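For reference, the structure is listed below as structure tokens.
Derivation of every value follows stated rules applied to the coordinates shown; laboratory data play no part. Computed from a prediction, not measured in an experiment: that's the story for all the values here. Note: ideal-geometry Cβ built from the backbone for every residue, glycine included; neighbour counts use all protein chains shown.
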């Protein structure tokens, strides 16, 4: 419940945007797994703000200190304590709005939930900044999956009405899958990326913001992992993906488009090649009955537009319930979906490692086709 | 994990389609809640097959026996044991296909997951029949919510390319919300329903099937319930909704459409009326930061087309990995989304009761507008 | 919470003594494990009442129906549904006392907990009868452990002031470990058993009852299993053992006696023989730091005397809080610890299988000495 | 599992004795609870070493930094992050013994569990030092209980063969209950305390150590809290108490002595006074059927003697399995049970707050007699 997650892994996230620090404890990792801190830093840099105009100009070091559970660059098997200190916080920017509910934010609901005792500075525990420890924990999980030949990659599929080239559901090579993560802007098609950035910049100049869709694919994940009915691949991934602030929808494979299809269209014919089973198409998105099929796992997460916009909006003072008008100041990403890309990778990595650790043999059947 | 679900409630579902019986244990219900067995039967009848050509002609009694936890029509507070005996099972229909993986089904993945030891007759533990105990448990939760002034209703929003009138996100009256559940076909607009049925029948005659989208709304749910980051309304609902077989996508409020909007469009302005806060629009779907806002909770679940179709499909024998051709015999719904409507209501009811029981006061703030 | 237990296994127990039936769902068992129903029946017969004067003359069939999860005598990997119908219930015996709190029973606390809505007939959900589904689930776990060379055995170490020969903590052979379970009275030393029975019979004639201590040993359990700090062998075993009604204490190895020792006495020196590590003595009871050492696991559980006694006792009417006098009628074991012996074996088996399934490799290191 | 604990509260402990820091995340606390940091410091000082010869001369600041979840001295309702930096660590003392399994320690079992990857310096994650974050989290829970009129107190009942005056099971006044915690040595009877200290010092001079029993009583806890069968008061308390290193036994009320009694002796007669129910005696220890009775909760935990002793002991090198002789150097408490007293209070406080938060009304019935 609350900021805890996981069945076989246990993740516990803590912190407020302007408090003493944020972080996480990740318990249940296998012992003896190398953790490459440089690679982790590069991964976290993808989430960090300040890279270009599409993200907030706040500069966060966001380099996590690993307090425990890793010794000499290798996991101990004991809980990994992760600490990120808060810096560059200008609380003054937020002072005036403390009692005005920012539309699209959790100010009002948080006030009700916590009886007004929660720390509202910078969004407090609701801040997008809390995705930093999630990304750090997930970045470690991603490396552990990589040791098992499992590659997790995501890109910004839609933003500002522009589409990137979708991942081929039936599978792509690892090199292609990693392109968006290695690019300054997380897309496959740089022209599409440029068009997205132009739309995001246009929104920013309009004192507005845009939403986006992140698409994530996993190749190399073994078949036979996941537990029906409620411990399936989809349940477990969705349970963590909806923990990324602003996520409003999650779909697998053909997803909502499957609802528009006929069975003859949507069913993925099984085939065999060199004695291994695969499906011709991958509308199922890598899981049938909650259990991985060995086909790429394909998930998309919809993110709403950044709710903090500089335009005037109608709202109420949540302490008095009196109506008011508000323009959100401060520095905010006009499209939070850009920085959500590595967060989705992190969440998916945690979910899949959790599933893998819960598999009967701790490794699934050796039947991944990719 | 597996067929267990819940934080404050604990649901444990068991059974195979053609075994000795299916059922569930639902633990953690409050004591002293009336359970109206007639109402429960009517609710379950909505899920039962055999009502018209859009559903399978199998006749199931599916009337659950409540073994424990309810005495004199009132909950005891102790675990509720639910048993449904299996009847009218014609195993012969399935015999021939036991080693041929039905496309879109969990035959292949289940074989890998359970090493071939699972009961495959009628889909075994993967059968849509397992939604009967889910519906029974959820039907009880739905009644308990109703005692608190919370109404859960769903309809078939899309099927066969036809749309029902969507629920007004900003809220509808209870009477309207209950129309689909009281209708022979679960829609608001009977013309749309007739068009859907025609499309479903057309698919059936084509030896094919269609998918659909179920939309569920909850009115009267108190504000201030739900726990960020991973115990939020969206996380908890998604974690159980993806447990309904064939569910491939879940979205809240504007959902995937929010990703196409600008912030100024998607943000729901806060307003106050008679001292109570509400939002003008409801793109957020009733939860901000994972916490209920007092606005209607709005969720949509996408269901793929029934995978069992009588057309010939390519597949493999999963014991030998040799390719083959298969036409699925037996009796199947051409559009499983129709019977999924009450299942979604059941799952949503369980999720919301779980959230409510976990709320600090066990009841949330008294700020629901509806 | 409540009647749910387990991390890697999930046990959900339901039922009331005089309701429609009692049972359990056991989820998370590995697939492909043979389940010998005859052996299970013999195991459950050890818990069943009516064998001699030391147990209640109620005759229960208590033969469980396995509703799901086992096919052709082999586990499917899906949840095992267990149902035991209630028979031979004479509710009349209990009618008069419904509002008089039986001392030592949960009548009063149950009334408070459930607001008077719980089923009090025969003790309801608090009845010792609820150990029948626990024993059935545990009996299956015990067989699965046996397939891995792990033997679980228990005996009545103390009753009525008489001691059986204690298990040698450093280890005993499997044959000896199984003697009590195969005997009409669960002790190693039949003379001690006769003396215990005489004391129990004396108590019965005095309209009284006696307590007892059950000692359980496990040999063959692999080393390296268990998770500090809260998922250790002791935590997990205690969490389920205290679920057996009337259990008031649990200790491991030297237990409370260790508190009276000096370190030089209590520390178990490590030794090696044929390249395998063992300890000379076993004051630690098979777990150090919560992790199994490969030495026998040794646990003792204290059971209070049967609270139902025919003597007059002071009490109150818990609906009126008026004082009264009560003599408990009905048929009761004068020493419930006798029938607790297989229940302890069942609980220990479930706990150890849960730990084993959570071990990194699902099997622990191959270093058990026994 | 592992270093996670709790149902309604979630505690996640991390850290190694000589790593970057130790700490905990405590999630699920109610919002708006004052946290008195001075009082917390005084509480933690009771656990800190270095006070006299009965404890290790290591000087630890052990003052926790609260990173989140508390603002202006009041809980926010969000996760409380607790960090304690490691200082005064002399790793050199431990270097020589790294591959020699210290008898009574988890060196050998930890090696097997973590494949040799765990941090063994100072005991690593198994160190008694890990009770510092447990005590910090529990100290906060203790304050929250105190706001509800619930007082938790413990004393050293037995050590070195000497007994303190036991708590009167039927109840003591709050002032008396707090005496041991406010004393330099945690006993009621200072003469007994002096005798214990003499025995502990004698053991130290003998290069040896002694065990002890901690007795904890809770007054003011409401009746009607706790869930049979596995969420009962005893199950929940035991599940965390066995997480304190060196705890080998836990008993409630009369505990193991109840096993020696007759029912007529052990049953606690119910009485009523001024319309409130109580029991004449308190052999049940405050819980019947797992549910609190309103009588004082009474629990005892047995601690083995400090395993680190300076005497020569037989052991093995756990990397080579070759026998050796070892004398443990470094600074160690000759009787760890002394410092375990506040740890038991902390663990009991966490357990009872967890139970309370899970009670139907979040507060239990208002029927505590004390």
Distance in nm between pseudo-label sites at residue B:178 and residue C:273 (7 Å out along the Cβ direction from Cα): 7.5
Euclidean distance of C-alpha centroids, region B:212-273 and region A:181-204, integer Å: 28
Shortest-first nm distances, residue A:72 label point to equivalent points in other copies (7 Å, Cα→Cβ): 5.0, 5.0, 6.9
Order of C:151, B:315 under a 10 Å beta carbon neighbour criterion, fewest first: C:151, B:315
Helix D:131-147 axis, angle to chain D major axis (alpha carbon atoms, nearest 10°): 10
Label-point gap, in nm, between residue C:329 and residue C:63 - each point 7 angstrom along Cα→Cβ: 3.3
Residues residue C:87 and residue C:311, FRET efficiency given R0 of 22 Å [Cβ-Cβ distance, rounded to 0.05]: 0.15
Ascending list, in nanometres, of distances separating the residue B:115 label from those of the other copies (7 Å, Cα toward Cβ): 2.2, 4.8, 5.3
Alpha carbon convex hull of region A:199-296, projected area averaged over orientations, nm²: 8.6
Cα gyration tensor, region A:119-252 - rounded (a/c under 1.5), prolate or oblate: oblate
Estimated distance in nm for a label pair at residue C:146 and residue C:265, the labels positioned 7 Å out from Cα along Cα-to-Cβ: 3.9
Shape of region D:219-370, Cα gyration tensor, a/c cut at 1.5: prolate
Degrees separating the helix B:336-358 axis from the principal Cα axis of chain B, which is the longest one: 40
Cα centroid separation - region A:122-161 against region D:129-148, whole Å: 33
Relative packing of peptides A:29-39, D:195-205 - highest average C-beta neighbours within 10 Å first: D:195-205, A:29-39
Highest-fluctuation residue, C:102, C:273, C:314 considered, GNM on chain C with Cα pairs under 10 Å: C:273
With Cα atoms, 0 to 90° folded angle of helix D:190-205 axis to chain D main axis: 20
Residue-averaged beta-carbon neighbours from other chains (10 angstrom radius) around D:28-38: 3
Exercise: per-residue mean of other protein chain Cβ atoms within 10 Å, A:287-298: 5
Shortest-first nm distances, residue A:312 label point to equivalent points in other copies (7 Å, Cα→Cβ): 7.0, 8.6, 8.9
Gyration tensor (alpha-carbon) shape descriptor, region D:4-358, a/c threshold 1.5: prolate
Order of B:299, B:25 under a 10 Å beta carbon neighbour criterion, fewest first: B:299, B:25
Ranking of D:241, C:44 by count of other Cβ atoms within 10 Å, fewest first: C:44, D:241
Computed log₁₀ I(q)/I(0) - Debye formula, equal Cα scatterers, no solvent, the protein assembly as shown, q 0.04, 0.06 Å⁻¹: -0.23, -0.52
Within chain C, helix-based [θ] at 222 nm, where runs of 4 or more DSSP H residues each add -39,500 (n - 2.57), nearest 500: -8500 deg cm²/dmol
Number of partner chain Cβ atoms within 10 Å, mean per residue of D:209-217: 4
